[in-house]
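Take a look at the structure set out below.
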Amino acid sequence: MFDTGITGFMLLATSLVMLMTPGLAFFYGGLAGKRNILGIMIQSFVSMGITTIMWFICGYSLCFSGDAMGGLIGNLDKAFMHGVDLNSPFPGNPKLPEFVFMAYQMMFAIITPALITGAFVNRVTFKAYLIFLVLWQLLVYYPFAHMLWGGGLLSRWGVLDFAGGIVVHCIAGFAALASVFYVGQRRDRESPPNSVPLIAIGTGLLWFGWYGFNAGSSLNVNAITGLAFLNTDVAASFAAITWMVIEWSLQRRPKFVGLLTGAVAGLATITPAAGYVSLPSAVIIGIAAGLICYLAVLMKNKWGWDDALDVWGVHGIGGGLGVILLGVFASKAMNSAGADGLMSGGAQFFAKQCIAVVSAAGYAFVFTYVMLAVINIITKVKVSEAEEDLGLDASLHGERAYDAGAL
């Protein structure tokens, strides 16, 4: 009944997406100051545990089972994986076991809230983060995953998101911005990255895992799978070089961290469009990602927003930009299951993409800010000045990333 080739590929794609969360931990861990390496890395790794538990209990069901509240969220029919057994096919592709689809989508749920943590590095208590991790998934991630990928409101309206421009990057980026506004600035904003090689390792793992993230989102093995794979690499490459050239021209030196950041921006931006646009369109999307995300980071710095690791500029703006550019470049000639964008006469589709991005960004921002205020009533969200000065590794976790003699 099941296709072993498709099943094997999707298990590989699932493993690649899982690898992205440790990759993100390395990426953020390298960017963080030397007193907050473990504090930021544990926030990614703990999501692997907490999110998996939530996904089994209710997450998968709320995203991909039935419909409730007018298509805003799923129901609890598949809570605790009720009714899903070894012979259950995935409804979207009967050749794929539902267990495998469940595992694949779980990896998306794991990494999405972890993306947010880079914005508030060394300012949030671990207890508050754990509460945030649970509530944010229940009330932000699960609704948008259902609305776009679970047959909910936005998908019925005709909005497209191939692998997570809205569901992952846009809502995480604007939630990160709300977090920055709530917790305020760091006391020490001049702390440099502690390990550029660690950033490079993290970027490599993210880039490698992103092939599973995007190509796997075809949920099949066919030409669209290959298209998504190639578009992913091309957009990341063009974005990386665009970012490096801009920074080189402005600062008179080519920066390695800039090259790596540009690659991640390109990966985030192509994500919603990977399986719906042509290769030349992916080139344009990559160049746009390098330029627009770089400008967003510049403006963030000018406005004094202390988004420590540029989550908003790279993921929020990148993800949103990708959804909008999908509205421009989408073509049914490339994927008959997609739509025709503005360049192919699809003005209405383009408008829907823009409205969806603005709505998602606004909801994620407002809800996150309010949620942090509520959490602060339960337990303090922001660490004390003494804890921040000492660093979260020592003050909250009682550990150090490196032996004292190595720093």
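Could you list all residues from region 213-244 that are over 22 Å from Val167 (Cα atoms) and among the hydroxyl-bearing types (Ser, Thr, Tyr)?
Ser237, Thr242
Being without any contact (Cβ under 8 Å) to a residue 40 or more places away in the chain, in a helix (DSSP H, G or I), over 30 Å from Thr4 (Cβ atoms) and aromatic (Phe, Trp, Tyr) is true for just one of Trp243, Trp248. Which residue is that?
Working: Trp243 fails: without any contact (Cβ under 8 Å) to a residue 40 or more places away in the chain.
Within the list Trp243, Trp248, the selection yields Trp248.
Filter region 375-407 for residues that are free of Cβ contacts under 8 Å to residues at least 40 places away in the same chain and among the hydrophobic types (A, V, I, L, M, F, W, C); which is most open to solvent (accessible area, probe 1.4 Å)?
Ile377
Show me the helices (runs of 4 or more DSSP H) entirely contained within region 319-407 in which 3 or more residues are under 30 Å from Gly290 (Cβ atoms) and touching a Leu at 6+ places or on another chain (Cβ under 9 Å). First the steps, then the outcome.
Working: elements: 347-378, 385-390, 392-395.
Helices (runs of 4 or more DSSP H) meeting the threshold: 347-378.
Spot the failing condition for Ala145; the list is (1) without any contact (Cβ under 8 Å) to a residue 40 or more places away in the chain; (2) closer than 21 Å to Gly327 by Cβ; (3) among the hydrophobic types (A, V, I, L, M, F, W, C), and only one is missed.
(1)
Looking at Leu309, Leu321, can you tell me which residue is under 19 Å from the mean Cα position of the chain (by Cα) and modelled with pLDDT under 95?
Working: Leu321 fails: modelled with pLDDT under 95.
The match here is Leu309.
For (1) closer than 16 Å to Thr14 by Cβ; (2) small (Gly, Ala, Ser); (3) outside any helix (DSSP H, G or I); (4) in contact with a strand residue (DSSP E or B) (Cβ under 9 Å, 6 or more places away or on another chain), each residue gets a yes or a no:
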{"position": "Gln105", "(1), (2), (3), (4)": "yes, no, no, no"}
{"position": "Ile111", "(1), (2), (3), (4)": "yes, no, no, no"}
{"position": "Ala119", "(1), (2), (3), (4)": "no, yes, yes, no"}
{"position": "Leu133", "(1), (2), (3), (4)": "no, no, no, no"}
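So which residues in region 345-374 are under 11 Å from Phe132 (Cα atoms) and open to solvent by less than 30 Å² (accessible area, probe 1.4 Å), if there are any at all?
Thr368, Met371, Leu372
Among the candidates Val314, Val328, which residue alone is in contact with a helix residue (DSSP H, G or I) (Cβ under 8 Å, 6 or more places away or on another chain) and surrounded by fewer than 24 Cβ atoms within 10 Å (Cβ to Cβ)?
When all the criteria are applied, what remains is Val328.
Out of contact with any Phe, Trp or Tyr (no Cβ under 6 Å at 6 or more places or on another chain), aliphatic (A, V, I, L, M), modelled with pLDDT of 95 or more and surrounded by fewer than 20 Cβ atoms within 10 Å (Cβ to Cβ), is that true of Leu260?
no
Looking at (1) modelled with pLDDT under 95; (2) open to solvent by 10 Å² or more (accessible area, probe 1.4 Å); (3) of a type outside the set (Asp, Glu), which is the only condition Ala32 fails?
The single condition Ala32 does not satisfy is (2).
Could you give every pair whose Cβ atoms fall below 8 Å, whose first residue belongs to region 280-296 and is free of Cβ contacts under 8 Å to residues at least 12 places away in the same chain, and whose second residue is of a type in the set (Val, Ile, Thr) and crowded, with 24+ Cβ neighbours inside 10 Å, counting only separations of at least 6 or pairs across chains?
none
The values are calculated or read from the model by the stated rules, or taken from the named source; none is laboratory data. Predicted model, so just to flag it, every value in this text is computed and none were measured. Backbone-built Cβ (ideal geometry, glycine too); neighbour counts: all protein chains shown. These accessible areas exclude ligands, DNA and RNA; they are computed on the full protein's heavy atoms, side chains included. Shrake-Rupley method; radii C 1.70, N 1.55, O 1.52, S 1.80 Å.
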